[in-house]
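Notes follow once the structure below has been shown.
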Amino acid sequence: MKKLFKLGIIGCGFMAQSILKGVICSEFLRGKKIVVSDLSDECLDKAADLGAKCTKNNKYLAENSEYVLIAVKPQSFAEVAESLGGAAPQNVISIMAGVKRDKIKAALGRGVRVARCMPNLPCSIGSGVIGVDMTDFNSNQKDIEFISGVLNCLGTVLSVREEKMDAVTGISGSGPAYVFMFIDSLIDAGVKQGLTRNEATILAVQTVIGSAEMVQNSDSPVPELIKRVCSKGGTTIEAVKVLEDRNFRGIVDEAVTACTKRSKELSE
């Protein structure tokens with residue numbers, strides 16, 4: 001029997017709102033083809049403003065949606081599974097950090113197919129990156145195209161195996177915080193050298209944006225791009241020497257390793 005809705009979204013927090021806004025504003029889906037559930041009237045009001053159908057009945061949502069996106073906090077998943085009252089959705093898209101595919105199937109039913117995703121904060125402005133494992137859908141191109149279409153509204157989609165999802169968390173899921181810290185440090189250093197905070201902010205932000213675009217668009221490996229900036233006896237090489245002496249790469253590696261380790265702990 002044909003479902004009333006193409007997409008049902010359980011949980012309408014910040015990331016779910018970003019996904020909802022992305023798919024509707026890009027015209028990938030019309031609002032009337034989406035149903036959203038949440039305990040918060042405020043969150044549901046925001047979904048309704050975008051044209052989505054709203055409910056507080058998760059069972060109704062699961063029974064009437066072709067695809068169900070679960071966007072609740074991991075600790076709330078057991079409660080959500082119970083609220084479905086045995087109405088297991090056939091196709092699930094999960095953005096719950098640390099909740100493995102097998103755990104979702106154990107709670108909802110072994111016949112459920114699950115795509116596990118790890119979006120990041122810039123998805124909220126359409127410039128994010130999303131790691132996704134769609135292994136369960138390999139036999140159906142139509143399903144893969146739909147799930148990819150939803151995620152493409154948020155940024156770049158990278159297909160990875162689930163066992164790599166903790167590393168995805170360490171690099172891109174938590175990565176925006178590292179970049180924000182680097183930008184903030186550049187701004188503070190610029191102010192210390194006599195710039196106004198506004199001047200330092202413009203210089204730091206645009207430098208990061210421009211440098212990222214060069215990496216994205218250049219055929220040269222990143223180490224080669226570093227060499228291009230470092231003229232012998234010049235200014236940049238002095239700064240790079242300090243970063244090398246203070247083990248900048250090692251610090252980044254330790255940070256990513258700690259984040260990845262914690263992600264693995266949460267998924268056990």
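Remarks
- Count - residues of the stretch 230-268 that are of a type in the set (Val, Ile, Thr) and without any contact (Cβ under 8 Å) to a residue 60 or more places away in the chain: 6
- Scanning the stretch 1-58 for residues that are under 20 Å from Ser94 (Cβ atoms) and open to solvent by 90 Å² or more (accessible area, probe 1.4 Å), we see that the one that is farthest from the chain's Cα centre (by Cα) is Leu39.
- Within the stretch 59-84, restricting attention to residues that are closer than 11 Å to Leu108 by Cβ and among the β-branched types (Val, Ile, Thr), the residue that is farthest from the chain's Cα centre (by Cα) is Val80.
- Just one of the listed residues (Leu195, Leu225) is outside any helix (DSSP H, G or I), surrounded by 13 or more Cβ atoms within 10 Å (Cβ to Cβ) and either of a type in the set (Ser, Thr, Tyr) or free of Cβ contacts under 8 Å to residues at least 40 places away in the same chain (or both), namely Leu195.
- Residue check for Asp102: out of contact with any Gly (no Cβ under 8 Å at 6 or more places or on another chain), touching a residue at least 24 places away in the same chain (Cβ under 8 Å) and closer than 23 Å to Glu268 by Cβ: no
- Of the residues making up the stretch 127-136, not a single one is open to solvent by less than 50 Å² (accessible area, probe 1.4 Å), over 25 Å from Val68 (Cα atoms) and not in a helix (DSSP H, G or I).
- Index of the failed condition, Thr156 passing every other in (1) among the polar types (S, T, N, Q); (2) in contact with a helix residue (DSSP H, G or I) (Cβ under 9 Å, 6 or more places away or on another chain); (3) part of a strand (DSSP E or B): (2)
- Looking only at the stretch 228-247, residues that are open to solvent by 90 Å² or more (accessible area, probe 1.4 Å) and either assigned to a helix (DSSP H, G or I) or charged (D, E, K, R) (or both) come to 7 in all.
- Test: residue in the stretch 169-191 that is among the aromatic types (Phe, Trp, Tyr) and under 30 Å from Gln75 (Cα atoms): yes
- Test: residue in the stretch 99-112 that is more than 22 Å from Val168 (Cβ to Cβ), touching a helix residue (DSSP H, G or I) at 6+ places or on another chain (Cβ under 9 Å) and surrounded by 20 or more Cβ atoms within 10 Å (Cβ to Cβ): yes
- Just so you know, in the stretch 137-150 the residues that are free of Cβ contacts under 8 Å to residues at least 40 places away in the same chain and within 16 Å of Phe28 (Cβ to Cβ) include one that is most open to solvent (accessible area, probe 1.4 Å), and it is Lys142.
- Residue match in the stretch 201-209 (condition: of a type in the set (Val, Ile, Thr), closer than 29 Å to Ile34 by Cβ and surrounded by 13 or more Cβ atoms within 10 Å (Cβ to Cβ)): no
- One residue from Lys6, Lys33, Lys59 being among the basic types (Lys, Arg), touching a Lys or Arg at 6+ places or on another chain (Cβ under 9 Å) and free of Cβ contacts under 8 Å to residues at least 60 places away in the same chain: Lys33
- When Phe28, Phe77 are checked against the criterion of being among the aromatic types (Phe, Trp, Tyr) and closer than 20 Å to Asp143 by Cβ, Phe28 stands alone in meeting it.
The values are calculated or read from the model by the stated rules, or taken from the named source; none is laboratory data. Since we're looking at a predicted model, the values are computed, not measured. So basically every Cβ, Gly included, is an ideal-geometry build from the backbone, and we count neighbours across all protein chains shown. Surface accessibility is based on the protein's heavy atoms, side chains included, excluding ligands, DNA and RNA. Shrake-Rupley method; radii C 1.70, N 1.55, O 1.52, S 1.80 Å.
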